[in-house]
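Some notes on the structure that comes next.
The values are calculated or read from the model by the stated rules, or taken from the named source; none is laboratory data. Small disclaimer: the values here were computed from a predicted structure and weren't measured. Heads up, the Cβs are rebuilt from the backbone with ideal geometry, glycines too, and the neighbour counts pull from every protein chain shown.
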């Protein structure tokens, strides 16, 4: 009788383990398409600090995604984008030069819900040279990122009281509105012309 109880108990344990395995391994078919957001310590770099410390400040057009970098010293993965410089505000590069830009995060794993760059988009970026003169990372991660859409510009990250706000003077473009819907974190809407004038003035003053 005692032997029979041991056999029954063993069968029950086996059944429970089997059910546990089934729950673990059976996942919804679309689960691999779920998006996640990496919550990380974003460098609290101010506009003035970025103007003074950046190796390159430029308006660039994103051409294409060229690589995803992870592992090694990259705790958070980075996505590399080939980009064309439209205007240089500070630094040794020239207009029309092609550079590579590293943005924190990757497809489906964005930093603090800030969207990844897309081909054809235009940004003003505060950049640091990675050491090869060709590849640059963004100073302050999201805080050095400005998405340009016509008369309005969307600054990623912390708000800066000293930057020229749009204040309803220009209607928000469709791309700006789309970006805002994608974000759950901080952003700031700026006047593009006034922002470019300020960056050019401040960059020139810092150079002397």
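Brief remarks on what is shown
- Condition check for residue 154: farther than 16 Å from residue 189 by Cβ and part of a strand (DSSP E or B): no
- Answer from 120, 133 - the residue that is more than 17 Å from the chain's Cα centre (by Cα) and either closer than 21 Å to residue 62 by Cα or part of a loop (DSSP other than H, G, I, E, B) (or both): 133
- Among strands (runs of 3 or more DSSP E) entirely within region 62-111, having at least 1 residues that are free of Cβ contacts under 8 Å to residues at least 24 places away in the same chain singles out 74-90.
- Restricting attention to region 158-177 and to residues that are farther than 18 Å from residue 46 by Cα and surrounded by 15 or more Cβ atoms within 10 Å (Cβ to Cβ), the residue that is modelled with the highest pLDDT turns out to be 166.
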